[in-house]
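The values are calculated or read from the model by the stated rules, or taken from the named source; none is laboratory data. The structure displayed is predicted, hence computed values, not measured ones. Positions of Cβ are backbone-derived with ideal geometry, glycine not excepted, and every protein chain shown enters the neighbour counts. Accessible surface is based on the protein model in full, side chains and every heavy atom, while ligands, DNA and RNA are left aside. Shrake-Rupley method; radii C 1.70, N 1.55, O 1.52, S 1.80 Å.
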Amino acid sequence: MDSLQLLLDGFASALTPVNLLYALVGVTLGTLVGVLPGIGPAMTVALLLPVTFTVPPASAFIMFAGIYYGGMYGGSTTSILLNTPGESSSMITALEGNKMAKRGRAAQALATAAIGSFVAGTLATGLLVVAAPAVVAFAIAFGPEDYFALAILAFTAVSSVLSRSVVRGLASLGFGLAIGLVGIDQQTGQARLTLGIPQLFDGIDVVIVAVGLFALGEALYVASRLRHVPPEVIPVGRAYLGRADWARSWKPWLRGTALGFPFGALPGGGAEIPTFLSYATEKKLARGVAREEYGKGAIEGVAGPEAANNASAAGTLVPLLSLGLPTSATAAILLAAFQQYGLQPGPQLFDHNPALVWGMIASLFVGNAMLLVLNLPLAPLWAKVLHVPRPYLYAGIVMFAALGVYALNASAVDLIVLFILGLLGWAMRRFGLPVAPAVIGMILGPMAEIQLRRALAIGAGEVTVLVKSPIAVVLLVLSALALLTPVFRKLMARRRGRAVTPGSHPE
């Protein structure tokens, strides 16, 4: 009942004219930028992060909620019409959705993605209302050693799940931890990794890191691989669903939601696994015409994965808001946004800033409804955005990122750091290193260091204090499993390959 009352108070905040305007601006900007090829929700939020610097915190996060969900909606449009997923979780949408579009059913593919996103987003946000306070009640008992173990879990889970190899994920994490060390040590007062530059004594601003590694790095990488060929955009009319399409879509929407939300809420769960599981589930359950259409543009192959993708997006907000634990690239950028306002997500955020938290959660419901209204009738308009020439697009992103970062402190040093990080982001993509672990390492690294020092001070320097708490032990065991599971899978695959040699006939 307390959560329900707080949610109603959140609606009172989210439904004020000013905040409704911010929500509308957020969903429109999120969809507009998310529709552009090669730009996913993480880059959308990172690129627009400096825009909200002068906006009040409650309004800013209502706007961010709109940008977050809008970027998810926009990514499905790009996947369906251009076969260019903005992120890995949209690959399945591109797989079946683009084939539907080529068969002349682009309108139906966009409609089932938009309505499925609305259904999944609404249901998953309702689950967020229930789950987040429960996790907060559990997290209140956390000590310094538990928070340190939680940070280790975040590091290992994200490094192993969001990367093609554990080594590359940990290398990216190392970059982030090193960036997080820049500045004055809070306990000793010693300058670390500042190279004697006074502007770096306060550390590198999280906004600069987010914009540099995500937005600028992605723009440079895509521009470096750019072919001067105009994109082939499939024409689309008004998005709609016929009666038969509704009958084939509503069950996949519900099943996708049920798969997406719990995976999103798990550390390192991500959206990739539930979208693939949803696709496999719908393919297995398909009968008749649906079975024949799989691989050629089955509507179930768009409805289920798109619902799982959006439900997972809401699920990532559970550990982010209740524990301060980002489990995806976009969640890491949102954490940077909180720190931009001097806020740290976690149990204390619910106690000290309930109006902000519940206003943001309520705005997810409002933004979801706005997106449905925007996406169905305006699908042809969003399709026209895809005709923007690529060279102008990415040159504009670089300029916009530079202007936004310079506006923070009017410092030339910030611009130099931005472009160095942008080049680092380009190099990481070029050599297959994931960017998300670097951002999470930079944001959570200082917190992990402080909690480790506190725990060791309480334990009089005894390292065993880190494993005296049952919660810490469980979290550290989960960290070890997250780190070792990919290694065990590779070893098992090699053993199977040796057991079944060419020409042999295993019994």
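Observations on the structure shown:
- Residues whose amide H lies under 5 Å from that of R192, counting only those 5 or more places away or on a different chain, are G183, I184, D185; hydrogens are built 1.01 Å from N in the peptide plane.
- Per residue, the chain exposes 43 Å² of accessible surface when a 1.4 Å probe is rolled over the protein heavy atoms with every protein chain present.
- Cβ crowding within 10 Å averaged over residues, with 414-420, 151-157 ranked highest first: 151-157, 414-420
- Relative packing of 347-356, 97-106, 193-202, 17-26, which averages over residues the other C-beta atoms within 10 Å, highest first: 97-106, 17-26, 347-356, 193-202
- Formal net charge of residues neighbouring R454 (Cβ-Cβ distance under 12 Å; K, R +1; D, E -1): -2
- Per-residue ³J(HN,Hα) for the stretch 435-450, Karplus 6.51 cos²θ - 1.76 cosθ + 1.60, θ = phi - 60°, Hz, x for Gly and Pro: 8, 4, x, 5, 5, 5, x, 5, 7, 8, x, x, 5, 4, 5, 4
- Per residue of the chain, the DSSP helices (runs of n ≥ 4 H) give a summed -39500 (n - 2.57) that works out to -24000 deg cm²/dmol at 222 nm.
- The phi torsions of the stretch 360-367, fed into the Karplus equation with coefficients 6.51, -1.76 and 1.60 and a -60° offset, translate into couplings of 5, 5, 4, 5, 5, 5, 5, x Hz, rounded to whole numbers, with Gly and Pro shown as x.
- Under the criterion of Cα pairs below 8 Å and six or more residues apart, the relative contact order for the chain equals 28 percent.
- 12 Å Cα-Cα reach of K102 towards aspartates and glutamates, excluding residues that sit fewer than 8 places from it in its own chain: E232
- Between helix 106-139 and the chain: long-axis angle, C-alpha atoms, 0 to 90°, nearest 10: 30 degrees
- Rounded to the nearest 10 degrees, the angle from helix 412-430 to the longest Cα principal axis of the chain is 60 degrees.
- Relative to the longest principal axis of the Cα atoms of the chain, the long axis of helix 272-285 makes an angle of roughly 30 degrees.
- Too-long pairs where the Cα-Cα distance tops 27 Å, listed order kept, from K99/K283; K296/K490; K284/K384: K296/K490; K284/K384
- From most to least packed by mean Cβ count within 10 Å, the peptides 54-62, 207-215 give 207-215, 54-62.
- Accessible surface of the chain [probe 1.4 Å, protein heavy atoms]: carbon and sulfur percent: 67 percent
- Residue (of L335, A395, P380) at the positive-pole extreme of the chain, dipole from beta-carbon charges: P380
- Prolate/oblate/rounded call for the stretch 377-507, Cα gyration tensor, a/c under 1.5 rounded: oblate
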